[in-house]
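Trainee: First the structure, then my questions, so here it is.
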Amino acid sequence: MWTGWFFCKAKQFLGSDEGSSEKEKDGKKKDEDDDPWLKPEEATVPAQIQAFRKELEELINRVKVERLVILVDDLDRCLPHTVIEILEAVKLFLFVPGTVFVIATDEAMIEYAVRRHYPDLPVSQADYTKHYLEKLIQIPIRIPSLNQLQTQNYIRFLLLQYHLDEDQTLLREICQAFEDSKTTPYDTTELSYDFITTKFKKDDQTRTLRSLLAIADQLGSSLATELRGNPRNIKRFMNTVFLRKRVAEIYGLKDLKLGVLSKLLLLERFHDKEYTQIVGEVTSSANGHSQTIIGLEEPATKETAGANQPNHAAKTDDQENPLLEWAKLEPKLSKVDLRPYYSYHENVQ
């Protein structure tokens, strides 16, 4: 259906010459009468497809387009039957000279859609889902996930964008300087404090920059691992950090630290059960401290807890504790009053 709409709109756009003679119009009418595409009740399905391909090719030639590139994005967000319909339309109708299709999608989700569409495939055809895409996609390009350094650099750029909200010119200069510093796309260039401050004047603006960029070191490893280096999910996480900070400021809590807020959001995002426990401890405490966090961060507490058991047992407990790596991240929270980081959030909910 969408191919027919595209074809009809294209013909309307091109239109017919107003100065055409009656003879030319009669000739066009005769051609249209013989066109199976315009008379579906008199044509077979193969004839319809062939007619569409022919007229699309003529259309491309008439507008003198060197290459018609159609980008199909977010296909993996469609329902399985819609995914198959679109791919079948691409395969049947639009493989004509002068056209190129770029399909941006999650390969695993497309394979899932194929399995849903063909639920009764025998075990011997288990690889059909992969073969389906291989027959359709002629040149696969797989974009690798961000590694830890790339994740940290991406977070630094997002933090820098937040920090320089009112100085977009300087932000563009730093971005360009960063790109110019690399000789190849895979150079391990770090968007460090020293690199950035070469573009800054030595004023009050640099005082908060170092602590701000330290958040990227704090988050880089966790987000690269837990979110598999997915830029969209990383940005979504950082947007949540910035939004929480803004909401807190609306409630009059202007002293919330981004580093503390980011660490707590890591806990909320990836350790839901432990997060609920710690929130309960913080909100019921007179000083806003969590005994769970104190037990993880204070060396004396850990030594006391492991004094009466063999070393290998203590090591096993550490390995099984999902919060151990999280607790090692800066900043330390054992002596921070965490109530402001949760009170406004509860009010919003």
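Trainee: Output the residue which, of all residues in the stretch 271-292 that are buried (at least 18 other Cβ atoms within 10 Å of the Cβ) and among the hydrophobic types (A, V, I, L, M, F, W, C), is farthest from residue 322 (Cα to Cα).
Mentor: 282
Trainee: Right, another one. Only one of (1) modelled with pLDDT of 90 or more; (2) within 26 Å of residue 221 (Cα to Cα) fails for residue 323. Which number is that?
Mentor: Every condition holds for residue 323 apart from (1).
Trainee: In the stretch 136-150, which residues are surrounded by 10 or more Cβ atoms within 10 Å (Cβ to Cβ) and in a loop (DSSP other than H, G, I, E, B)?
Mentor: If the condition is that a residue be surrounded by 10 or more Cβ atoms within 10 Å (Cβ to Cβ) and in a loop (DSSP other than H, G, I, E, B), then 137, 145, 146, 147 are the ones that fit.
Trainee: Follow-up question, since we're still on this one. Grab the helices (runs of 4 or more DSSP H) fully contained in the stretch 168-274, keeping just those with 1 or more residues being in contact (Cβ under 8 Å) with a residue 60 or more places away in the chain.
Mentor: Passing ranges, in order: 209-226, 231-250, 258-270.
Yes/no per residue for (1) modelled with pLDDT under 85; (2) among the aliphatic types (A, V, I, L, M); (3) closer than 21 Å to residue 92 by Cβ:
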position	(1), (2), (3)
120	yes, no, no
125	yes, no, no
129	yes, no, yes
138	yes, no, yes
148	no, no, no
159	no, yes, no
162	no, no, no
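Trainee: Regarding residue 129, is this residue in contact (Cβ under 8 Å) with a residue 60 or more places away in the chain and of a type in the set (Val, Ile, Thr)?
Mentor: no
Trainee: Another question about this same structure. For the stretch 1-94, give me every one of the helices (runs of 4 or more DSSP H) that falls completely inside it and has 1 or more residues that are over 40 Å from the mean Cα position of the chain (by Cα) and modelled with pLDDT of 50 or more.
Mentor: It comes to 22-33, 45-62.
Trainee: Looking at the stretch 70-81, which of the residues that are aliphatic (A, V, I, L, M) and surrounded by 11 or more Cβ atoms within 10 Å (Cβ to Cβ) is farthest from residue 112 (Cα to Cα)?
Mentor: Checking each candidate, the answer is 70.
Trainee: Sticking with this one: Being at pLDDT 80 or above, assigned to a strand (DSSP E or B) and closer than 19 Å to residue 134 by Cα: is that true of residue 100 here?
Mentor: yes
The values are calculated or read from the model by the stated rules, or taken from the named source; none is laboratory data. Because the structure is a prediction, the values reported are computed rather than measured. In this analysis, Cβ positions are derived from the backbone assuming ideal geometry, glycine residues included, and neighbour counts consider all displayed protein chains.
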